[in-house]
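Before any comments, here is the structure.
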Amino acid sequence: MMDFKLDEAELRAIAQIEEEADCDISAGANWSVRSPYAQHPINHEKLIALLQDGLGEVLSLEELEDIALTVQEQARCRVMEKTQSTPSA
Amino acid sequence: MRQDIQIIRGSDRQLVDAVLLTLGDKHLDDFEQRWKEQLRASSEADQYWDWVAKNRIYGTSDTVEGYAIECDAMTQGLMLIETRLHRSQVDRTRRLVYVHSLATAPWNRPSIQRPPRYRAVGATLLRFARYRSQQLGYGGLVGLHALPEAIAFYEKMGMIDGGTDPDMEDLTYFEWYRRREESE
């Protein structure tokens with residue numbers, strides 16, 4: 001596999017795009033302890049749908065909700081644990 | 001991984017030598033010591049991002065790779081990519097490289113410093129994500145969620161606008177998509 005290389009023309013072209021856009025280029029979700037995303041790490045409706053797919057014939061919706069809430073809480077705690085050592089985040 | 005590259009100095013538009021390499025402690029230290037204070041004092045959408053925490057949460061995963069660009073012995077840009085779990089939103093049968101996080105140093109942003117100290121840092125990292133996608137056999141497909149201030153850049157880079165994503169803080173999803181025959 002060849003090395004990653006941009007020749008001068010390509011480099012100047014992408015720099016031109018940056019200049020024309022005249023904006024930041026940042027991408028990604030705000031995974032910090034202040035983020036609502038970190039507080040609710042998993043989409044609840046999607047999680048319930050997934051559980052219904054696998055367990056819907058065995059467990060009631062109420063039971064699946066209990067499981068989903070437990071998963072959400074455990075996930076949230078794990079995220080908080082990992083971010084707490086950087087309190088300014 | 002360590003690769004010699006070039007970026008463009010903002011003051012005189014001259015090409016200067018830089019290096020693209022695997023994310024390491026030096027880059028996280030630069031973030032803590034040199035980036036963080038300037039970002040916190042700004043109104044940038046990523047002003048509260050914490051790359052040390054991001055790296056601690058994701059950097060240990062087998063599917064996540066971290067990269068940095070250094071120039072003048074200073075970290076100029078940072079990127080985390082996910083390489084196995086994400087699929088194209090255009091064609092769900094195809095995998096892509098997902099840019100988990102991408103940012104340039106505060107002095108490389110026109111919103112903070114004019115002219116920016118260096119240009120083409122973020123775009124080079126993005127092109128490297130596409131290169132990794134090609135290396136991995138994904139045909140150059142790359143996906144990401146852009147911060148609101150960055151939408152114009154990704155549009156101009158030719159990425160497809162997939163609309164806002166309610167699962168990702170309503171950020172706008174962008175994808176570099178090419179049909180299989182174009183990727184080969």
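The values are calculated or read from the model by the stated rules, or taken from the named source; none is laboratory data. A quick note: this is a predicted structure, and the numbers were derived from the prediction, not measured. Because the Cβ atoms are built from the backbone with ideal geometry, glycine has one as well, and the counts that use them run over all protein chains shown. Surface accessibility is based on the protein's heavy atoms, side chains included, excluding ligands, DNA and RNA. Shrake-Rupley method; radii C 1.70, N 1.55, O 1.52, S 1.80 Å.
The residue of segment B:92-126 that is surrounded by the fewest Cβ atoms within 10 Å (Cβ to Cβ), among those that are in contact with a Leu (Cβ under 9 Å, 6 or more places away or on another chain) and part of a loop (DSSP other than H, G, I, E, B), is B:Arg94.
Can you give me the ranges of the helices (runs of 4 or more DSSP H) entirely in chain A with at least 1 residues that are modelled with pLDDT under 80 and buried (at least 19 other Cβ atoms within 10 Å of the Cβ)? Walk me through how you get there before you give the answer.
Details: elements: A:8-21, A:36-39, A:44-55, A:61-84.
Helices (runs of 4 or more DSSP H) meeting the threshold: A:36-39, A:61-84.
Would you check if B:Thr75 is in contact with an Asp or Glu (Cβ under 6 Å, 6 or more places away or on another chain) and without any contact (Cβ under 8 Å) to a residue 40 or more places away in the chain? So B:Thr75 does not fit the description; no. For segment B:135-144, name all the residues that are outside any helix (DSSP H, G or I) and farther than 12 Å from B:Ile81 by Cα. If the condition is that a residue be outside any helix (DSSP H, G or I) and farther than 12 Å from B:Ile81 by Cα, then B:Leu136, B:Gly137, B:Tyr138, B:Gly139, B:Gly140, B:Leu141 are the ones that fit.
Take the conditions open to solvent by less than 20 Å² (accessible area, probe 1.4 Å) and in a strand (DSSP E or B) and apply them to B:Leu20. Does it pass?
Values: open to solvent by less than 20 Å² (accessible area, probe 1.4 Å): yes; in a strand (DSSP E or B): yes.
Judged against the criteria, B:Leu20 is a match.
Conditions (1) closer than 19 Å to B:Phe128 by Cα; (2) part of a strand (DSSP E or B); (3) open to solvent by 10 Å² or more (accessible area, probe 1.4 Å), marked per residue:
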position: B:Glu37; (1), (2), (3): no, no, yes
position: B:Ser43; (1), (2), (3): no, no, yes
position: B:Gln47; (1), (2), (3): no, no, yes
position: B:Val52; (1), (2), (3): no, no, yes
position: B:Glu65; (1), (2), (3): yes, yes, yes
position: B:Ile69; (1), (2), (3): yes, yes, no
position: B:Gly77; (1), (2), (3): yes, yes, no
position: B:Leu85; (1), (2), (3): yes, no, yes
position: B:Gln89; (1), (2), (3): no, no, yes
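In segment B:1-17, how many are within 11 Å of chain A (Cβ to nearest Cβ), among the charged types (D, E, K, R) and assigned to a strand (DSSP E or B)? Residues that pass the stated criteria total 3. Quick one: in segment B:134-147, which of the residues that are surrounded by 21 or more Cβ atoms within 10 Å (Cβ to Cβ) and out of contact with any helix residue (DSSP H, G or I) (no Cβ under 9 Å at 6 or more places or on another chain) is farthest from B:Arg9 (Cα to Cα)? Filtering segment B:134-147 for residues that are surrounded by 21 or more Cβ atoms within 10 Å (Cβ to Cβ) and out of contact with any helix residue (DSSP H, G or I) (no Cβ under 9 Å at 6 or more places or on another chain), the one farthest from B:Arg9 (Cα to Cα) comes out as B:Gly143. Of all the listed residues (B:Ala129, B:Ala150), the sole one being open to solvent by less than 20 Å² (accessible area, probe 1.4 Å), within 7 Å of chain A (Cβ to nearest Cβ) and either over 15 Å from B:Leu96 (Cβ atoms) or not β-branched (Val, Ile, Thr) (or both) is B:Ala150.
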